[in-house]
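A.B. asks: Take a look at this one; I'll ask things after.
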Amino acid sequence: MRKTIEWSDYELIDSSRGERLERWGDIILIRPDPQVIWNTERKNPLWHNAHARYLRSNTGGGKWQMFKKVPASWQVKYRDLVFNVKPMGFKHTGVFPEQAVNWDLAGDIIRKSDRQFNILNLFGYTGCATIACLNAGAKVCHVDAAKGMVNWAKENAISSDVVDQPVRWIVDDCAKFVAREIRRGHKYDGIIMDPPSYGRGPNGEIWKLEERIYEFVELCSGVLADNAEFVILNSYTTGLSPSVMEYILGTVIKSRFGGTVSSDEIGLDVTESGLTLPCGSTAIWRR
């Protein structure tokens with residue numbers, strides 16, 4: 001399992017009975033996690049002294065239960081990157097800390113290159129991967145269907161002092177944008193894809209990962225440059241195993257561009273148990 005130990009402003013303190021106990025800077029949050037199916041004893045006193053807890057509703061969605069004053073927004077730092085954290089209406093905070101292993105991977109490839117990379121970040125969300133690539137010296141095209149998420153990504157660019165780097169912020173359905181990029185003849189040296197399990201585009205387009213991911217990767221192969229260096233494909237869907245994702249990249253990308261494909265779970269160490277919580281999967285194609 002791939003994981004990072006570089007976080008100082010984030011800590012997964014414990015996990016039990018369907019929930020995570022987390023530290024985001026100085027703020028302690030309890031959030032639901034369907035992967036946490038174990039019923040271990042909650043010994044850490046912070047379980048009873050958190051700032052807030054996200055409670056799921058039986059009818060869908062949920063709400064934050066506040067025990068202490070929580071800022072509307074605060075910052076966490078990863079290496080020299082700074083991200084704005086905000087408790088959202090659906091348990092999220094705007095940062096997926098386990099993805100730091102992929103930010104590091106992309107940044108290392110970019111820094112070691114003798115040319116400026118042109119990176120396409122699809123389903124870019126709040127822009128953590130975009131910020132990492134900009135910080136490493138790449139040009140980035142950041143695409144997400146939600147205008148609010150793209151605005152949040154811009155805030156993160158300001159906080160990380162990369163706002164003046166060459167970046168395009170695009171609010172659009174990712175598949176439609178890639179199709180237009182193919183028609184325009186635009187090419188990219190690396191692609192990062194972090195698709196949701198389910199979502200809707202700005203005009204109501206429905207996205208279901210298992211039904212769409214193979215054809216989407218095929219589509220994206222059309223904007224890879226002949227000398228492209230990497231494709232990173234993430235999934236939080238438990239039904240889409242690392243091996244399946246590796247097979248997709250192998251049949252679509254490797255068969256056309258050569259190189260190698262690998263895959264693995266990504267996760268976060270749990271301080272209390274010393275074990276690792278799985279947090280999704282990543283498949284990677286490298287030149």
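The values are calculated or read from the model by the stated rules, or taken from the named source; none is laboratory data. Predicted model, so just to flag it, every value in this text is computed and none were measured. Because the Cβ atoms are built from the backbone with ideal geometry, glycine has one as well, and the counts that use them run over all protein chains shown. Heavy atoms of the whole protein, side chains included, go into the accessibility calculation; ligands, DNA and RNA do not. Shrake-Rupley method; radii C 1.70, N 1.55, O 1.52, S 1.80 Å.
A.B. asks: Between R17 and residues 5 or more places away or on another chain, which pairs have amide H atoms under 5 Å apart, with H built 1.01 Å from N, and which residues are they?
C.D. replies: Distant-sequence amide H within range of R17: W38, N39, T40.
A.B. asks: Given H placed 1.01 Å from N in the peptide plane, which residues other than close sequence neighbours of Y188 have an amide H under 5 Å from its amide H?
C.D. replies: Answer set, sorted by chain and number: L224, A225.
A.B. asks: Sum -39500 (n - 2.57) across every DSSP H segment of at least 4 residues in the chain, then divide by the residue count to get the 222 nm mean residue ellipticity, nearest 500.
C.D. replies: -7000 deg cm²/dmol, from helical runs alone.
A.B. asks: Still on this structure, please answer the following. May I ask you to evaluate 6.51 cos²θ - 1.76 cosθ + 1.60, the Karplus curve with θ = phi - 60°, for each residue of the stretch 174-188 and list the ³J(HN,Hα) values in order in whole Hz, giving x for glycine and proline?
C.D. replies: The phi angles translate into 4, 5, 5, 5, 4, 4, 5, 4, 5, 5, 7, x, 7, 10, 10 Hz.
A.B. asks: Moving on. Residue by residue through the stretch 250-265, which ³J(HN,Hα) values in whole Hz follow from phi under the Karplus form 6.51 cos²θ - 1.76 cosθ + 1.60 (θ = phi - 60°), with glycine and proline marked x?
C.D. replies: x, 7, 9, 8, 4, 5, 9, 10, x, x, 10, 10, 9, 7, 5, 6
A.B. asks: On to the next question. Kindly provide the pair-distance distribution of the chain built from C-alpha pairs, with 10 Å bins from 0 and whole-percent values in order of increasing distance.
C.D. replies: Per 10 Å bin, starting at zero, the Cα-Cα P(r) for the chain comes out as 6, 28, 37, 22, 7, 1 percent.
A.B. asks: So what's the angle, to the nearest 10 degrees on a 0 to 90 scale, between helix 147-159 and the longest Cα principal axis of the chain?
C.D. replies: Helix 147-159 sits roughly 80 degrees off the main axis of the chain.
A.B. asks: Moving on to the next point. For the chain, with a Gaussian network of springs between Cα atoms less than 10 Å apart, report the residue from D173, D264, D80 with the top mean-square fluctuation.
C.D. replies: Fluctuation is largest for D80.
A.B. asks: May I ask you to rank D26, D269 by accessible area, largest first, using a 1.4 Å probe over the protein chains only?
C.D. replies: D26, D269
A.B. asks: Counting only C-alpha contacts under 8 Å and six or more residues apart, can you give the relative contact order of the stretch 124-165 as a whole percent?
C.D. replies: Relative contact order for the stretch 124-165 comes out at 50 percent.
A.B. asks: Taking the stretch 216-275 on its own, what percent of its Cα-Cα pair distances exceed 13 Å?
C.D. replies: More than 13 Å apart: 66 percent of the Cα pairs in the stretch 216-275.
A.B. asks: So, one more: Considering the chain as a Gaussian network with a 10 Å cut-off on Cα pairs, which listed residue, N135, N151, N227, attains the greatest mean-square fluctuation?
C.D. replies: N227
A.B. asks: Choose one answer from G60, G267, G18: the residue with the largest mean-square fluctuation in a GNM of the chain with alpha-carbon springs under 10 Å.
C.D. replies: G60
A.B. asks: T276's amide H: which non-local residues (gap 5+, or another chain) put their own amide H closer than 5 Å, with H modeled 1.01 Å from N in plane and none for Pro or chain starts?
C.D. replies: V270
A.B. asks: Bin by bin, in steps of 10 Å, what percent of the Cα pairs in the stretch 143-196 do you find, going until the bin that has the longest distance?
C.D. replies: 20, 49, 29, 2
A.B. asks: What dipole magnitude, in Debye to the nearest 20, does the stretch 6-78 give about its Cα centre under +1 on Lys/Arg Cβ and -1 on Asp/Glu Cβ?
C.D. replies: It works out to roughly 360 debye.
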